[in-house]
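First comes the structure, then the notes that go with it.
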Amino acid sequence: MNKIKVSIRLVDGGLQEFDETPVFLKKLRLLQSQGFTGKQLVHHLITDDWGAPPTVVEISGKDSDGKHFEIRIPYA
């Protein structure tokens with residue numbers, strides 16, 4: 001199973017990182033197809049409950065076809 005890496009860069013200089021399953025990528029694609037972007041997309045995909053808010057969310061890994069991808073979602 002392909003591992004999806006999520007990196008969240010915070011306004012206070014902090015960094016949160018965690019791994020997700022391919023289901024996370026499917027949810028991301030579905031939300032994007034529904035028109036969600038930026039802050040709204042991050043809220044629906046991860047959470048809207050932040051101490052220090054993110055500046056950007058970076059998602060990387062390999063898709064179901066084995067192709068490497070990198071996605072940046074500005075928190076704006």
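The values are calculated or read from the model by the stated rules, or taken from the named source; none is laboratory data. Worth saying up front: this structure is predicted, and the values here are computed from it rather than measured. So basically every Cβ, Gly included, is an ideal-geometry build from the backbone, and we count neighbours across all protein chains shown.
Figures for the structure shown
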| item | result |
| --- | --- |
| Output for the stretch 8-38, where each listed residue is within 11 Å of Thr55 (Cβ to Cβ) and either touching a Ser or Thr at 6+ places or on another chain (Cβ under 8 Å) or basic (Lys, Arg) (or both) | Arg9, Leu10, Val11, Leu15 |
| Enumeration of residues in the stretch 30-68 that are farther than 18 Å from Gly13 by Cβ, exposed (fewer than 12 other Cβ atoms within 10 Å of the Cβ) and not acidic (Asp, Glu) | Ser33, Gln34, Gly35, Thr47, Ser64, Gly66, Lys67, His68 |
| Members of the stretch 21-52 found to be in contact with a Lys or Arg (Cβ under 9 Å, 6 or more places away or on another chain) and either at pLDDT 95 or above or of a type in the set (S, T, N, Q) (or both), listed by number | Thr21, His44, Leu45 |
| Any chance Gly66 is on the phi > 0 side of the Ramachandran plot and at pLDDT below 95 | yes |
| Residues being in a helix (DSSP H, G or I) and more than 12 Å from the chain's Cα centre (by Cα) - total across the stretch 24-60 | 2 |
| Residue list for the stretch 1-19, restricted to those being in a loop (DSSP other than H, G, I, E, B) and of a type in the set (A, V, I, L, M, F, W, C) | Met1, Val11 |
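For every residue, the table says whether it meets (1) under 16 Å from Pro74 (Cβ atoms); (2) without any contact (Cβ under 8 Å) to a residue 24 or more places away in the chain; (3) small (Gly, Ala, Ser).
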{"position": "Lys3", "(1), (2), (3)": "no, no, no"}
{"position": "Ser7", "(1), (2), (3)": "yes, no, yes"}
{"position": "Val11", "(1), (2), (3)": "yes, no, no"}
{"position": "Lys27", "(1), (2), (3)": "no, yes, no"}
{"position": "Leu30", "(1), (2), (3)": "no, yes, no"}
{"position": "Val42", "(1), (2), (3)": "yes, no, no"}
{"position": "Trp50", "(1), (2), (3)": "yes, no, no"}
